[in-house]
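**Q** The structure is given below, and queries will be raised subsequently.
The values are calculated or read from the model by the stated rules, or taken from the named source; none is laboratory data. Just so it is clear, the model here is predicted, and its values are computed rather than measured. No Cβ is skipped: glycine too gets one built from the backbone with ideal geometry, and neighbour counts run over all protein chains shown.
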Amino acid sequence: MPISSDITPGAILDAAFLKKLERLSLSSRKPFAGQMKGEKRSIKRGTSIEFADYREYVPGDDLRYVDWNTAARLGKMFLKLFVEEEDLYLALLIDSSKSMAFGNPKKADYSIRMAAALGYIGLSNYDRVCVQTFAASLARPMPTQRGTSGVLPFFRYLESIKQEGGTSFGTSLKRFAATSKTRGIAVVLSDFFDPDWKDGVKALVARGFQVSLVHVLSEEELAPNLVGDLRIIDSETGEMKEMSVNPQLLARYQQTLDAFCADIEAFSHRYGVDYLRTSTSFPFDEVVLKHMRQNGLLK
């Protein structure tokens, strides 16, 4: 479904890219019980057209689902069971702290486009989509949307996101996990510049979510082009530090960055969490259409 004309064309995703997204769907590694009929297989048995199994008839069962041919052959009544298809719940958790405003393009813009693509895929498949930002605390969520009627409010919410304040990753995600009434896929989009990020991810895993971490860094962070005497300002705290940047310092920075990313990847592997790291300089459409399919989030 094309985006309504009241949203600036191409502000987040253009119509040609949306058409490509409509051919994809979210992929869950484990079954979740949905609330409404959708396009995902449920752990429950229902009345769809796909046959699943038999069980012996017990008084009170619906006689419409008795296999009368089997009953005539065996002298016993068996009920046909079918796979029930239900919707999937997708929670998009977007870091909106001040550090996400860094880079050209901004990490926040890149993350929002990523969230837009995932949410649009979910809505196109009649999954339930929730969006919530976090910074110093958990922000107001978008009311859960389902189906193509939810596309407009979904994009409006994304366009309203601003980057403000510091990050309280662990506290925010623990609160989300504690208050969430539904399990499903939780996608966290962040630069992970908070020492307590592991606590937040652990809370999502403990709540039963299938968690995917999307680690977004700017090209300036991955390969800083700095030299000489500089004053560095922390975008979230305002703290200033004077330093002389030389090749030795840049080499130590690169070692620290590599260790930081490796720690997130190792943690993800240990806790059964999907991890995808990307640079804002990397083609956005290739991340979604190729790499998110390769890591199993999309199919």
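**Q** Filtering segment 121-149 down to residues that are of a type in the set (D, E, K, R) and either in a loop (DSSP other than H, G, I, E, B) or surrounded by fewer than 16 Cβ atoms within 10 Å (Cβ to Cβ) (or both), which residue is modelled with the highest pLDDT?
**A** Filtering segment 121-149 down to residues of a type in the set (D, E, K, R) leaves 127-128, 140, 146.
Restricting the remaining residues to those that are either in a loop (DSSP other than H, G, I, E, B) or surrounded by fewer than 16 Cβ atoms within 10 Å (Cβ to Cβ) (or both) gives 127, 140.
Working: ASP127: 90, ARG140: 93.
That would be ARG140.
**Q** Any residue that is assigned by TED's automatic domain parsing to the domain that holds LEU24 and either within 28 Å of ASN125 (Cβ to Cβ) or touching a helix residue (DSSP H, G or I) at 6+ places or on another chain (Cβ under 6 Å) (or both) - is there at least one of those in segment 247-265?
**A** Looking only at segment 247-265, we keep the residues that are assigned by TED's automatic domain parsing to the domain that holds LEU24, and these are 247-265.
Now restrict to residues that are either within 28 Å of ASN125 (Cβ to Cβ) or touching a helix residue (DSSP H, G or I) at 6+ places or on another chain (Cβ under 6 Å) (or both): none.
No.
**Q** Give LEU118, LEU152, LEU158 a once-over and let me know the one that is at pLDDT below 95 and not in a loop (DSSP other than H, G, I, E, B).
**A** Details: LEU118 fails: at pLDDT below 95; LEU158 fails: at pLDDT below 95.
Checking each option against the conditions leaves just LEU152.
**Q** Quick one: would you say ARG183 is in the same structural domain as GLY238 (by TED's automatic domain parsing) and within 24 Å of GLY296 (Cα to Cα)? Break it down into steps so the answer makes sense when it comes.
**A** On the way: in the same structural domain as GLY238 (by TED's automatic domain parsing): yes; within 24 Å of GLY296 (Cα to Cα): yes.
Taking the combined requirement at face value, the residue satisfies it.
**Q** Would you mention how many residues in segment 26-39 are assigned to a loop (DSSP other than H, G, I, E, B) and either buried (at least 17 other Cβ atoms within 10 Å of the Cβ) or at pLDDT 90 or above (or both)? If you could, list the steps in order and put the result at the bottom.
**A** So the first thing to find is which residues in segment 26-39 are assigned to a loop (DSSP other than H, G, I, E, B), and the list is 27-36.
In the following step, the residues that additionally are either buried (at least 17 other Cβ atoms within 10 Å of the Cβ) or at pLDDT 90 or above (or both) were identified as 28, 32, 34.
So the count comes out to 3.
**Q** List the strands (runs of 3 or more DSSP E) inside segment 170-265, counting only whole elements, that have at least 3 residues being touching a strand residue (DSSP E or B) at 6+ places or on another chain (Cβ under 6 Å), surrounded by 14 or more Cβ atoms within 10 Å (Cβ to Cβ) and modelled with pLDDT of 90 or more.
**A** Values: elements: 185-190, 210-217, 228-233, 240-245.
Fully inside segment 170-265 and qualifying: 185-190, 210-217.
**Q** Among the residues of segment 100-115, count how many are assigned to a helix (DSSP H, G or I) and within 14 Å of ILE12 (Cα to Cα). Explain how you work it out, then say what you get.
**A** As a first pass, look at segment 100-115 and keep what is assigned to a helix (DSSP H, G or I): 100-101, 107-115.
From what's left, within 14 Å of ILE12 (Cα to Cα): 107-115.
Total meeting the criteria: 9.
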